[in-house]
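The values are calculated or read from the model by the stated rules, or taken from the named source; none is laboratory data. All values reported here derive from a predicted model rather than from experimental measurement. Every residue, glycine among them, receives a Cβ derived from its backbone with ideal geometry; neighbour counts consider all protein chains shown.
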Amino acid sequence: MVIRFDKFKSCAYHCAPMSTTSLPNKVDAHRWADRDMQLEQEVSLAVFARLSALLGGDSGQLRLSAKFSRDPRRHPLLQLALKASPVLVCQRCLGSLAWEIDEVLTLHLLADESEAEHLSDSDDYVFLDEEGQLDFPQVVEDELLLCLPMVGRHENCVEIVEPDMVATIEQPVVSDGVTGQETRKPFAGLADLLAGKRD
């Protein structure tokens, strides 16, 4: 069964009413897995507080597809596809940096650590709460954050230099009485110093 939350306000399988700007807060992972439930939705990235704090300008939209099933050990399984184009802030030039997210992943939904011992090192998993509920928005946001670069920056950009980062010194008054400024050059006297040592 495929649920499109942009068309339906609620469903019979422990799914809270919602709009196109929200996700189900809690999902009954076992029931959704038993019924092979699927979810397709487009939602604003602005609903994710931690992610929004890292974005610059328009947060953009997330296209999400989720499918619940059972793995060979009968644990609930979540296959998740995420597509988005968030705008980050370049840490070099402070300008806008477009970033593409197109991620497909599979998560084993486990009750406790003992179940994780049977998985391989390459398997990804998350834990359900004591009632077998999955905090769906948190899982989606966690995966979106993992898709972002550690330090977002353009491959080629001009670094912005703040005016107060350039030191200036006053020129002495010249014969015509005009006082000016020049940019400090810390190695300007080095040539004269070396020349003096040679003499």
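The numbered conditions (1) in contact with a strand residue (DSSP E or B) (Cβ under 7 Å, 6 or more places away or on another chain); (2) on the phi < 0 side of the Ramachandran plot are all true for Gly132 except (2). Of all residues in the stretch 77-100, those being under 26 Å from Ser120 (Cα atoms) and of a type in the set (A, V, I, L, M, F, W, C) number 5.
Checking each residue in the stretch 21-44 for being more than 22 Å from Phe127 (Cβ to Cβ) and in a strand (DSSP E or B) picks out Gln38, Glu40, Gln41, Glu42, Val43, Ser44. Does the stretch 135-152 contain any residue that is surrounded by 14 or more Cβ atoms within 10 Å (Cβ to Cβ) and farther than 26 Å from Glu40 by Cα? Yes, the conditions are met somewhere in the stretch 135-152.
Here's the yes/no breakdown for (1) out of contact with any Gly (no Cβ under 7 Å at 6 or more places or on another chain); (2) hydrophobic (A, V, I, L, M, F, W, C); (3) modelled with pLDDT under 95:
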{"position": "Ala33", "(1), (2), (3)": "yes, yes, no"}
{"position": "Glu40", "(1), (2), (3)": "yes, no, yes"}
{"position": "Ala49", "(1), (2), (3)": "yes, yes, yes"}
{"position": "Ala53", "(1), (2), (3)": "yes, yes, yes"}
{"position": "Ser59", "(1), (2), (3)": "yes, no, yes"}
{"position": "Cys90", "(1), (2), (3)": "no, yes, yes"}
